Amino acid sequence: MGNIQGFSNLRKEILSIKQVINADNYRECKDRLIAIRPMLSTENLSREDRMEINLLIDDCFRAIDYLRDHEQKQFEEASRSNFERIAPLVEEAHAKAFDLEDIREAWDFCIGVQQEFRGVRMKKESRELLYGRLQEAFDRLKQRKSSQMQEQKLQSEKEQREMLPDIEGLVQQAEHTADISESWQQLIDMQQKIHEKNLSPEVRNKLLGKLQDAFTILKIKREQESELFKGEASDNAIQIEKMLIEGEKVAAESEHFREAFDILKNIQQAFREYKLLAEDRELLYGRLQLAFETLKERQDLWYRERDKEAIENYEMLKPLVEAGLDRAQKSMEFKKTRESLKRTQERFKGIKMRSEDRQSLYSKLQKAFEILNRRHDEYLATKKEKMELQVNYQLSDVELKIEETWKEIAHDLSRIIELEESGNNPLFQNQHSSPSHDIQNQILVLKAAVAHKEKILEELTEQKSRLTEKRDKWRELD
């Protein structure tokens, strides 16, 4: 009879392995199964039990073989895919290594392609094929770089022979120049020129070292100038501080703001013209700014006070102007209204008022004058027509009366002549009742009537003259 306990344990362990076999642990499971097989010979198993155990182990190995084959297929597919992706890059790197003018760019590209191989699944022969091709690119770039370095060396020696005299000239110039800034800029330009040249490190360092001698000379000169500058700047600071003391006093006390601002502006101009140390300039300029602010605040206060007075004047004049405008629109007392407007106009003189308020009120006052003048003209035009019509009517009446009076006088004079001729007629001279006495009476009556009518005519003529003069005066109103 077989070992039932041993069979059970083996079967249980193999089944546990079978249940957990997967793509991640199939190698470990295989090792465990291989370790179990020798145990079959040590266990006292029946023929049926041994056969069952072997069948279970074979099932596990078949599962492991499937997973291994599947993994191999995946590897081969990944290898093919990676080869197809990297191979064009390798060929491009190979082409750049032979054709691209910029060796550094080609080298960096090759390095980038080389990085693509890291962690990539690929068959050994495929990897070696591509890597060999990439190595050819690296070898070609090394050859080109070596050749380029040789050319650079020759070119550098030529550039050195050409540039060295200029650099030595700049060194000599630095020793004698009075314009440090200009010489410094020339050194900067030469330094830039050296960096732009394709020089070997040895030649570049040699030329820059020589150029540094000139920089050192200028630095020493600049330090010496700085000491002189400090002395002059210190004197200038004392001078400007004296000016500032006066400026601060003016800003705090002067009532002539324009002149005060001019004084501060002159001090401000001195800052532009005088050399000063940065800390002195900052401190003194701060005081100047404070003086400007003080003067500005005082000026603003003055304007506010002036504006207050101007507003009061405006409030005082506004009702007068508006009343004048209303009166100009309605009153028939033209002369009194005009005098009132003139008195209001006089009040504008010598008083403070904001420009816009003054303009507003003055515009209304001018409008009042214009309205009054227009209404007066219209009134006169209407009155003139009436007066002229009345005078013409009176004049016509007087002229008619003058004409009639002249006719009556002429008639009376004619009658007098007739009567005088009748009185001298001989036919009446021998008559007892003398008719000449009646005739004389009639003549006297007629002469008295003529004298009266002449007096009336004189009065009518004077009346006509007065009417004519009156008519002419109204006509002159145009």
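The values are calculated or read from the model by the stated rules, or taken from the named source; none is laboratory data. Since we're looking at a predicted model, the values are computed, not measured. Positions of Cβ are generated from backbone atoms using ideal geometry, with glycine treated the same way; all protein chains shown enter the neighbour counts.
Residues in the range 219-231 include none that are aliphatic (A, V, I, L, M) and touching a residue at least 12 places away in the same chain (Cβ under 8 Å).
Scanning the range 241-258 for residues that are under 36 Å from the mean Cα position of the chain (by Cα), surrounded by 15 or more Cβ atoms within 10 Å (Cβ to Cβ) and more than 15 Å from L290 (Cα to Cα) yields a single hit, F257. Looking at the structure I just gave you, is L325 of a type in the set (A, V, I, L, M) and in the same structural domain as F369 (by TED's automatic domain parsing)? It is true that L325 is of a type in the set (A, V, I, L, M) and in the same structural domain as F369 (by TED's automatic domain parsing).
Pairs meeting the criteria (first residue in the range 13-32 and assigned by TED's automatic domain parsing to the domain that holds R68, second residue loosely packed, with under 14 Cβ neighbours inside 10 Å and aliphatic (A, V, I, L, M), beta carbons under 8 Å, at least 6 apart or on different chains) are C29/V20. For the range 150-204, filtering for residues that are exposed (fewer than 15 other Cβ atoms within 10 Å of the Cβ), under 46 Å from the mean Cα position of the chain (by Cα) and either over 25 Å from R104 (Cβ atoms) or among the small types (G, A, S) (or both) leaves 7. Out of R281, R298, I need the residue that is closer than 27 Å to S234 by Cα, among the basic types (K, R) and buried (at least 17 other Cβ atoms within 10 Å of the Cβ). Which one? After ruling out the rest, the residue left standing is R281. Filtering I217, I267 for residues that are buried (at least 18 other Cβ atoms within 10 Å of the Cβ), within 30 Å of L164 (Cα to Cα) and touching a helix residue (DSSP H, G or I) at 6+ places or on another chain (Cβ under 6 Å) leaves a single hit, I217.
The C-beta contact set for the range 243-271 (first residue farther than 18 Å from G286 by Cα, second residue assigned to a helix (DSSP H, G or I) and among the aliphatic types (A, V, I, L, M), distance under 6 angstrom, 6+ apart or interchain) comprises S254/A260.
Scanning the range 4-11 for residues that are assigned to a loop (DSSP other than H, G, I, E, B), in contact with a Leu (Cβ under 7 Å, 6 or more places away or on another chain) and touching a residue at least 40 places away in the same chain (Cβ under 8 Å) turns up nothing.
Kindly provide the set of residues from the range 178-209 that are modelled with pLDDT of 80 or more and more than 23 Å from Q148 (Cα to Cα), ordered by number. Within the range 178-209, S181, E182, S183, W184, Q185, Q186, L187, I188, D189, M190, Q191, G209 qualify. When you go through E91, E101 one by one, which is the residue that is closer than 30 Å to K142 by Cβ and not in a helix (DSSP H, G or I)? Unique residue meeting the criteria: E101.
Of all the numbered requirements in (1) in contact with an Asp or Glu (Cβ under 9 Å, 6 or more places away or on another chain); (2) loosely packed, with under 12 Cβ neighbours inside 10 Å, R133 misses one, and that requirement is (2).
Every listed requirement among (1) surrounded by 13 or more Cβ atoms within 10 Å (Cβ to Cβ); (2) over 57 Å from the mean Cα position of the chain (by Cα) is met by A106 save one, (2). If the condition is being surrounded by 12 or more Cβ atoms within 10 Å (Cβ to Cβ), closer than 30 Å to V321 by Cα and β-branched (V, I, T), then the range 367-411 contributes only I371.
Does L187 qualify as being under 30 Å from A93 (Cβ atoms) and not acidic (D, E)? Against the criterion (under 30 Å from A93 (Cβ atoms) and not acidic (D, E)), L187 does not qualify. Among the numbered conditions (1) within 53 Å of the chain's Cα centre (by Cα); (2) in the same structural domain as K73 (by TED's automatic domain parsing); (3) over 30 Å from A78 (Cβ atoms); (4) not β-branched (V, I, T), the only one that G112 does not meet is (3).
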